[in-house]
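Working notes, structure below.
Readers should treat all values here as calculations from the given coordinates under stated rules, not as data from a laboratory. A quick note: this is a predicted structure, and the numbers were derived from the prediction, not measured. Neighbour counts are summed over all protein chains in view; Cβ atoms, including those assigned to glycine, are modelled from backbone coordinates with ideal geometry.
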Amino acid sequence: MNRPPSSPVNPRICILGGGFAGLYSALALAKIQLLEQWQIVVIDQTDRFEFSPLLYELISGELEAWEVAPPYLQLLRNERINFYCDRIEGINLEARQVQLRDRGPLGYTYLIIALGLEGRVPPHPDVLSFRRLADVQRLEAELQRLQHEPSLDISIVGAGASGVELACKLADRLGDRHQIHLIHRGPQLLPGFSPPTRKAAEGAINKRRIRLSLNTNVKAIQHQGDFQLQLQQQGKFFKETSHLVIWTAGTEISPLIRSLPGGDRGQLSVTPELQLSRYPEVFVLGDLAATPLANTAQVAYQQAPHLAKNLQSYVFQGSLKPFRYRHLGEMLTLGIHNGVVHSFGITIKGRLGNLIRTLVYIQRLPTLRQSLRVLAHRLKLALPWTKP
Ligand SMILES: Cc1cc2nc3c(=O)[nH]c(=O)nc-3n(C[C@H](O)[C@H](O)[C@H](O)COP(=O)(O)OP(=O)(O)OC[C@H]3O[C@@H](n4cnc5c(N)ncnc54)[C@H](O)[C@@H]3O)c2cc1C
C-alpha cells in the first residue's frame, strides 16, 4: 500500500461534510497532539451542525433549534479546526483537490469524505421531506398555515424510524385534530429494528389512532388545493386526500459522489480500515461508506474516533486497524415525553425511556460545552425553584 508523503509542506486534512461522521472526526483529530502542525478544515454547505435524531423535538416544542442545531462557528470556537461554509462541487482524487463553489479549488494532503446520503426526491415538489432543519422549518410553516383547519389529514410515507417517530410527535402535537396515515411499502414497520422496539412503536401508534397501511405503494401524487394520493394495496387501487404529505422513505447518492470512481454503484466501497482502496490517503465514513452496517448516527459516531486513530497511524507509518462496530441498542421517540430504549436485552418504555434517550443524546452532542449548555437549560426549565 502507498505510504504517505514525508513531511508535506502545509499539510492539510480536508473533511467534506460536517455531519456525525465529519464533525466528530474533526474533533477527534484535533485532540491528537502529533497532528498539531496540521491544518484541519471542515467544509459543509450549511452553517449549523444538525443532530438529526432530535429534529422531531423541534416539531413538538420539547427542544429548541439552538440545542439541536448549533452553529459550527460556535461549536468550534475553542477548537483548532477551520470551518468553511461552502458547497463542495467537485472532488479530483488524482490532483488531490476539491472544488468549492465560493472559495474555488482547495488542495489536500488527506481527505475525509463524509457527505452522507440525500433523501429520495419525493414524487411531487410540494410533498415535504423530513431530513434536515430546513425541512422542519418548512413543515412548521405548513402547520402554522393550516392551524385553523378543524381536522388535519396528514399522509406520511415510510414507516421506518423517521416516519414512525414523526407520526407520533405530530399526533401528540395536534391532539384530536389529527388524521394521520402512515403508509409503508413493506410488510412490517421499522425494518431492521428488534421485536420489543417494534412492539412499543405499534402500541404508540395504536394509542394515538394513527392509521398504518402496510404493503402499500404510493403510485401517484397530485396537488390541487389538497393532495390526492393514488395508492395500491394487494393489487387494489384506491385514492385518498390529504392536507399534507411528508415523504420519509429512501435515500439517494448525490451526483457529486456518483462522479467519483465506483460512485455509480452507490455508496463508496471502502477497506475495513475505511480507506478508498485505490486512494489510501482518502478515508470515507458515515452513511456514504458501503459497509454491511445500517446507516445510523451510531455507526458514524463510532467510526469517527477510529478513523482519527487510523489517519494518525497512516501519517506516522503505523499499522491501521479495521473498524469494528459495537451495537449499543436502539432508541426511538414515540410521542411527546414518550419513548423506547432497547439495549442489551432490556427494554425501557414510556417517560423513563424518553428521558434516558434524551440524556444520552445530550451527552452525545458534539462538544462538552454544548452538552452542558443544553443540560443546564433543561434543568432550569424543569426545576420549579429556578423559574422566575
Ligand atoms: C430525521 C432523522 C432522524 C435520525 N435519527 C437517528 C437516530 O435516532 N439514531 C441514529 O443512529 N441515526 C439516526 N439518523 C441517521 C443519522 O442521522 C445518519 O446516519 C447520520 O447523520 C450519518 O452521518 P454522516 O456524517 O454520514 O451524514 P450526515 O449527518 O448527513 O452529514 C453529511 C453532511 O454533509 C453535508 N453535505 C452534503 N453534501 C454537501 C456538499 N455538496 N457540499 C457541502 N456539504 C455537503 C451536509 O450538509 C451534512 O451536514 C436519523 C436521520 C434522520 C434524517
222 nm mean residue ellipticity, helices alone, for the chain (DSSP H n ≥ 4; -39,500 (n - 2.57); rounded to 500): -9000 deg cm²/dmol
Acute angle (nearest 10 degrees) that the helix 20-30 long axis makes with the longest principal axis of the chain, alpha-carbon atoms: 30
Summed side-chain charge close to Leu152 - residues other than Leu152 whose Cβ falls under 15 Å, Lys, Arg +1, Asp, Glu -1: -1
Helix 350-363 vs. the chain, principal-axis angle (Cα, 0 to 90°, nearest 10): 20
Relative exposure of Thr197, Thr347, judged by other C-beta atoms within 10 Å (fewest first): Thr347, Thr197
Other-chain or far-sequence residues with amide H under 5 Å of Tyr325's (modelled H): none
Local net charge near Glu50, Cβ-Cβ under 13 Å (Lys/Arg +1, Asp/Glu -1): -2
Cross-link table Lys169/Lys239; Lys309/Lys380; Lys199/Lys309; Lys199/Lys380; Lys207/Lys239, entries beyond 30 Å C-alpha to C-alpha: Lys309/Lys380; Lys199/Lys309; Lys199/Lys380
Segment 120-249: relative contact order as a whole-number percent, Cα under 8 Å and 6+ apart: 32
Ranked Trp247, Trp385, Trp38, Trp66, criterion: other C-beta atoms within 10 Å, fewest first: Trp385, Trp66, Trp38, Trp247
Using alpha-carbon coordinates, inclination of helix 195-207 to the longest axis of the chain, degrees: 40
Max mean-square fluctuation residue, GNM over the chain, Cα-Cα springs under 10 Å, options Ala95, Ala204, Ala167: Ala95
